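Heads up, the thing below is written out as structure tokens.
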Amino acid sequence: MASKGKPSPRSAVEPLSDAQVTKLAKAHHLVDPMRDLPTGPNRRINQAEIDAQHPKGTARLLKGVDVVFNASCKTRAWGLDNIPETGPFITAATHVTMFDVFVPMASLFHMGRRPRYMAKAEMAHWPLIGKWFQLVGMQPVQRRSGKAKAIEETSIEILTSGRPLTVWPEGTVTRDPKKWPMSMKNGVGVIALEASRRLGRQIPLFCAVTWGAASINHWWPWPRKNVVMCYDERLDYADLLADCDSWADGIDGVPAALADELTRRIRVRMTAIMAEIRGESAPDGYWDYRTMKRVKG
């Protein structure tokens, strides 16, 4: 079964302008996330995590990503200090293009963390870098396979073991005509709530929003485009865990309404951050992948 629709072309959106990046730099401390310890040398790296996740393979992939990004775009980020130095956390990232998925990945690596990644299984078969993806912690997700619960359980086990996790809640590249965040599956809500219940505390959850890569021509990317990511402050969802002791054990015990609400909060927050990065007002509602129409919400 093919994915619904096709992502809109590069011409659907304007490149991120130098003037907008200058405006963002006045409001936030922008750093280069494609270098080690971009926020300063006082950062404590998680050496045990680094040693446990194929350090040589990770270093080679990271070097390759750095070279490609430095050659094809000008990447900046703010909020990287929000990334915890230890313990589990969830990064919920936007998915505008296949190119921009590397920004939060490289940023977390350069900040000394090694999350696992829930990514579509097709990436494992990409030429050259597919094997590297698996070496550095990709958890292949067989889409439309009826294995959603098994995937969610694996994600929860990653978090309860003390490791961070990165997910792309939209499940695929956004189909919004102007490339805003679209509808999301509530799996990220189920994972966060159930993992938090099992650990007896709210697992930190952060939105990572990247914009600018949508305008890059991957065959001829010059002149280099601006790409900016915000690694947002921790998203609070303690209120959704208030009665978690009364839930039935297991994934099926998570109330769907609560998982839906947490997923909605993620989408709303991602949209607000993207609006700031783009310097635009977001459209009303959101693009629904199921109906391929804009809906209220």
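Among the residues of this structure, Arg60 counts as one that is outside any strand (DSSP E or B), open to solvent by 10 Å² or more (accessible area, probe 1.4 Å), touching a residue at least 60 places away in the same chain (Cβ under 8 Å) and not hydroxyl-bearing (Ser, Thr, Tyr). Considering only segment 18-37, I want to know if a residue exists there that is hydroxyl-bearing (Ser, Thr, Tyr) and in contact (Cβ under 8 Å) with a residue 24 or more places away in the chain. No, there is no match, as no residue in segment 18-37 is hydroxyl-bearing (Ser, Thr, Tyr) and in contact (Cβ under 8 Å) with a residue 24 or more places away in the chain.
Checked against (1) in contact (Cβ under 8 Å) with a residue 12 or more places away in the chain; (2) surrounded by fewer than 21 Cβ atoms within 10 Å (Cβ to Cβ), Met184 meets all criteria but (2). Take Thr154 and decide whether it is at pLDDT below 95, assigned to a helix (DSSP H, G or I) and surrounded by fewer than 20 Cβ atoms within 10 Å (Cβ to Cβ). Judged against the criteria, Thr154 is a match. Selection of segment 230-271 for residues being under 24 Å from Ala213 (Cα atoms), touching a strand residue (DSSP E or B) at 6+ places or on another chain (Cβ under 7 Å) and not hydroxyl-bearing (Ser, Thr, Tyr) yields Cys230, Asp232, Ile266, Arg267, Arg269, Met270. If the condition is being over 25 Å from Phe99 (Cβ atoms) and surrounded by 12 or more Cβ atoms within 10 Å (Cβ to Cβ), then segment 21-49 contributes Arg43, Ile45, Asn46, Glu49.
In the set Trp287, Trp180, only one residue is outside any loop (DSSP other than H, G, I, E, B) and not acidic (Asp, Glu); that residue is Trp287. Would segment 68-80 turn up any residue that is aliphatic (A, V, I, L, M), in contact (Cβ under 8 Å) with a residue 24 or more places away in the chain and over 16 Å from Lys225 (Cβ atoms)? Yes, segment 68-80 has at least one match. For segment 223-242, a residue qualifies if it is of a type outside the set (Ser, Thr, Tyr), surrounded by 10 or more Cβ atoms within 10 Å (Cβ to Cβ) and in a loop (DSSP other than H, G, I, E, B), and the qualifying residues are Arg224, Asp232, Glu233, Arg234, Leu235, Asp236.
All of (1) open to solvent by less than 70 Å² (accessible area, probe 1.4 Å); (2) among the small types (Gly, Ala, Ser); (3) within 20 Å of Phe89 (Cα to Cα) hold for Ser17 with one exception: (3). If you check Ala208, Ala195, Ala213, Ala242 for being small (Gly, Ala, Ser) and free of Cβ contacts under 8 Å to residues at least 24 places away in the same chain, only one passes: Ala242.
Could you list, in sequence order, the residues of segment 249-284 that are surrounded by 12 or more Cβ atoms within 10 Å (Cβ to Cβ), modelled with pLDDT of 95 or more and assigned to a loop (DSSP other than H, G, I, E, B)? Scanning segment 249-284 gives Val254, Pro255, Gly279, Glu280, Ala282, Pro283. Reported count of residues in segment 63-95, each being open to solvent by 70 Å² or more (accessible area, probe 1.4 Å), assigned to a helix (DSSP H, G or I) and closer than 14 Å to Arg113 by Cβ, is 1.
The values are calculated or read from the model by the stated rules, or taken from the named source; none is laboratory data. No experiment lies behind these values; they were computed from the predicted model shown. In this analysis, Cβ positions are derived from the backbone assuming ideal geometry, glycine residues included, and neighbour counts consider all displayed protein chains. For accessibility, only protein heavy atoms count, side chains too; no ligands or nucleic acids. Shrake-Rupley method; radii C 1.70, N 1.55, O 1.52, S 1.80 Å.
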